[in-house]
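Asker: Sending over a structure as structure tokens; questions will come in a sec.
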Amino acid sequence: MASSEDPSSSDERPAQDGALPFQLDALGVRGRLVRLGPSLDAVIERHGYPLAVARPLAEAMVLCAALATSLKYDGIFTLQISGDGPIRLLVTDLTTDGALRGYAQFDSWKLAVALGAGPNGIPQGGDAPEGYVPKLFGRGRLAFTVDQGQHTQRYQGVVPLEGATLADCAHTYFRQSEQLPTGIKIEARRTTDNGTHHWRAAALMVQQMPEFDAGRIDVDREQREDDWRKAVILMASATEAEMLDPKLPAMTLLHRLFHAEQPRLFARRPFVARCRCSRERIDRVLRSIRREELDDLRDKSGRVAVKCEFCSTEYTYDDRDLDRIYASAA
Ligand SMILES: [Zn+2]
């Protein structure tokens, strides 16, 4: 029977998004299972992204959550993918308190061409093909940033976008940045129920624990390698169906995959789709720009409109609002 530090918090209701960390003591490996549903629906359906943009975004959001929860930080973890392909930019971030958000910028025409345009050049609205990274992102880079506030140093890791899938690209990052040996499996899928779309995404990650060897001189290297290989094989045995099944609790899935290793489960970390934008933040951005330069941003009625890329909230400013902002800047 597996133990848990806080069994009550490992409960999972289908409508909740979160990460369930675990440890396989016998193998010297730790990991996490991240599953997202409602927060993806909130982000993706709000923007109405085509399927071939939405699935990479869903995968990037679950990858972001898996990486963020494997680090100790207090602030914001950001994953950014940029390239010269149809999807120009994809940004997703997660705060320590579990607020998740994301958006993508893409070129509709390039996307239609990449997917194979239908008759008369009309896009067929297809899904992202298998191994879509080169096709949809082109040449580009994958960057991770940890921002812990004003008076701390930002950590950034950047690697070229190398690999067919986002999981491959993450593996490139782990290798190139000399991280601990890490394996990750990512799945994302949209289902349609009575005409309503629902998203599910999951990431299963395992990582070798360095502290396992600390201070020991009797470490059997071959055994450590065999243990690591075993953990990766067990991780890879998870099927897409069970990773994405909202009715299969995360706890049950982990026990199913790793039962012989007696997985130890830790407190579940819940996530919710929430944007951090506010009028005060936009005020600060505007204040950093010269007032004359805002003229380009004015709409027909003369107001300045600023839209949050993450949540599409529009903040409008008339001349009186601008007077107030620039008066407080003086
Ligand atoms: Zn926003």
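Asker: Is the range 39-47 home to any residue that is within 17 Å of the chain's Cα centre (by Cα) and either away from the ligand (no atom under 16 Å from the Cβ) or in a loop (DSSP other than H, G, I, E, B) (or both)?
Answerer: yes
Asker: Another question, if that's okay. Give me a count of the residues in the range 305-329 that are closer than 13 Å to V285 by Cα and among the hydrophobic types (A, V, I, L, M, F, W, C).
Answerer: The number of residues fulfilling the criteria is 6.
Asker: Give the residues of the range 175-195 that are open to solvent by less than 60 Å² (accessible area, probe 1.4 Å), assigned to a loop (DSSP other than H, G, I, E, B) and of a type in the set (D, E), sorted by residue number.
Answerer: none
Asker: Another question, if that's okay. Filtering the range 306-330 down to residues that are within 35 Å of the chain's Cα centre (by Cα) and more than 14 Å from the ligand (Cβ to nearest atom), which residue is surrounded by the fewest Cβ atoms within 10 Å (Cβ to Cβ)?
Answerer: T316
Asker: Further, regarding this structure: Going by the structure shown, is L248 closer than 26 Å to L63 by Cβ and without any contact (Cβ under 8 Å) to a residue 12 or more places away in the chain?
Answerer: yes
Asker: Limited to the range 295-305, what total is found for residues that are modelled with pLDDT under 85 and surrounded by 13 or more Cβ atoms within 10 Å (Cβ to Cβ)?
Answerer: 1
Asker: Here's a check for you: in the range 268-305, which residue that is hydrophobic (A, V, I, L, M, F, W, C), in contact with a strand residue (DSSP E or B) (Cβ under 7 Å, 6 or more places away or on another chain) and within 10 Å of the ligand (Cβ to nearest atom) is farthest from Y103 (Cα to Cα)?
Answerer: Taking the candidates together, the pick is I282.
Asker: Okay, moving on. Quick one: count up the residues across the range 134-174 that are in a loop (DSSP other than H, G, I, E, B) and either open to solvent by less than 10 Å² (accessible area, probe 1.4 Å) or more than 30 Å from A112 (Cβ to Cβ) (or both).
Answerer: Qualifying residue count for the region: 7.
Asker: Another question about this same structure. Based on this model, can you work out whether G98 counts as open to solvent by less than 10 Å² (accessible area, probe 1.4 Å), touching a helix residue (DSSP H, G or I) at 6+ places or on another chain (Cβ under 6 Å) and in the same structural domain as A203 (by TED's automatic domain parsing)?
Answerer: No.
The values are calculated or read from the model by the stated rules, or taken from the named source; none is laboratory data. What you see is a predicted model, and the numbers here were worked out from it, not measured in a lab. Note that we place each Cβ from the backbone using ideal geometry, even for glycine, and neighbour counts take in every protein chain shown. Just the protein is used for accessible areas: all its heavy atoms, side chains included, with ligands, DNA and RNA removed. Shrake-Rupley method; radii C 1.70, N 1.55, O 1.52, S 1.80 Å.
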